[in-house]
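Read through the structure below, which is laid out as structure tokens, and then see the notes.
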Amino acid sequence: MGWTGCTGRTAAPVAYLHTLLLARFVRPRRAYVVRAVRRLDPATVEVVLSPRGTRRLAFRPGQFAFVTFHQRGLREPHPFTVTSAPADETLRLTIRAAGRFTARVHRELGPGRRATVEGGYGMLGHAGGRARQIWVAGGIGITPFLSRLRAGGPDRPVDLFYVVRHREDALFRSELESHPGVRVHLVVTSESGRPTAGRIRPPWAGRRTSTSTCAGRSP
């Protein structure tokens, strides 16, 4: 079983430095407006953005973008994974209040605000030549996999291990379970503890038959 990619708490600062020092000089910026802010649970919102004009962000499933909201206190660019598919008319971001900035987004951002979006950046290592795949998502780390599924889903069987602290934290669970070819394994750490390598290894998994990808931090 091979691991092709794993992103966690170090991704954001590394991405920020990359963008600040190099990529912002070559990547196009696109103008958007906040169309809706939907509360998914007490700590998480989904922000829906519509393009202002005909030019939309170009990105691949699983990538993130730097977003600047043109609102007082929210003008600093921050990285967020895009959860929509590249062909969608709107851009969707799932944002959890995990710090001062994201808490302000959660409390204060509303429809009608302008935004500048820049990207896409990064790569989720889900493209492999092996027969099956294992995806591991910790909490809000489910977002890059959402984009992949909304873009048409995997072209091979997938076992998705979705690690959350409480059952009610499993956002988009019904949508995930509706995809053919994807078997969702919910791991609730408040009930069974944090997952081990043995617990996220299906019986069929082997070095030559599976590729594994993980995203997020263990709740």
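The values are calculated or read from the model by the stated rules, or taken from the named source; none is laboratory data. Computed from a predicted structure; not experimentally measured. Cβ placement follows ideal geometry from the backbone for every residue including glycine, while neighbour counts extend to all protein chains displayed.
Would you mention how many residues in the range 62-79 are surrounded by 23 or more Cβ atoms within 10 Å (Cβ to Cβ) and under 25 Å from Pro154 (Cβ atoms)?
3
Given the structure, is Phe101 crowded, with 18+ Cβ neighbours inside 10 Å and either more than 23 Å from Phe145 (Cα to Cα) or under 14 Å from the mean Cα position of the chain (by Cα) (or both)?
For Phe101, the condition - crowded, with 18+ Cβ neighbours inside 10 Å and either more than 23 Å from Phe145 (Cα to Cα) or under 14 Å from the mean Cα position of the chain (by Cα) (or both) - is not met.
Could you identify the single residue in Thr189, Thr209 that is modelled with pLDDT under 85 and touching a strand residue (DSSP E or B) at 6+ places or on another chain (Cβ under 9 Å)?
Thr209
Residues that are buried (at least 16 other Cβ atoms within 10 Å of the Cβ), under 14 Å from the mean Cα position of the chain (by Cα) and touching a residue at least 60 places away in the same chain (Cβ under 8 Å): does the range 160-168 have at least one?
no
Take the residues in the range 80-98 that are farther than 15 Å from Ser147 by Cα and buried (at least 16 other Cβ atoms within 10 Å of the Cβ); name whichever of them is farthest from the chain's Cα centre (by Cα).
Here the answer is Ala97.
Evaluate the following for Glu89: is it part of a loop (DSSP other than H, G, I, E, B) and touching a residue at least 24 places away in the same chain (Cβ under 8 Å)?
Yes, satisfied.
Residue by residue through the range 1-58, note down the ones that are modelled with pLDDT of 90 or more, closer than 24 Å to Phe101 by Cα and among the hydrophobic types (A, V, I, L, M, F, W, C).
Ala31, Val33, Val34, Ala36, Val37, Leu40, Ala43, Val45, Val47, Val48, Leu49, Leu57, listed by residue number.
So which of Gly125, Gly120, Gly152, Gly129 is assigned to a strand (DSSP E or B) and modelled with pLDDT under 90?
Result: Gly120 is the single residue among Gly125, Gly120, Gly152, Gly129 that is assigned to a strand (DSSP E or B) and modelled with pLDDT under 90.
What is the residue count in the range 72-84 for residues that are at pLDDT 95 or above and either charged (D, E, K, R) or assigned to a loop (DSSP other than H, G, I, E, B) (or both)?
2
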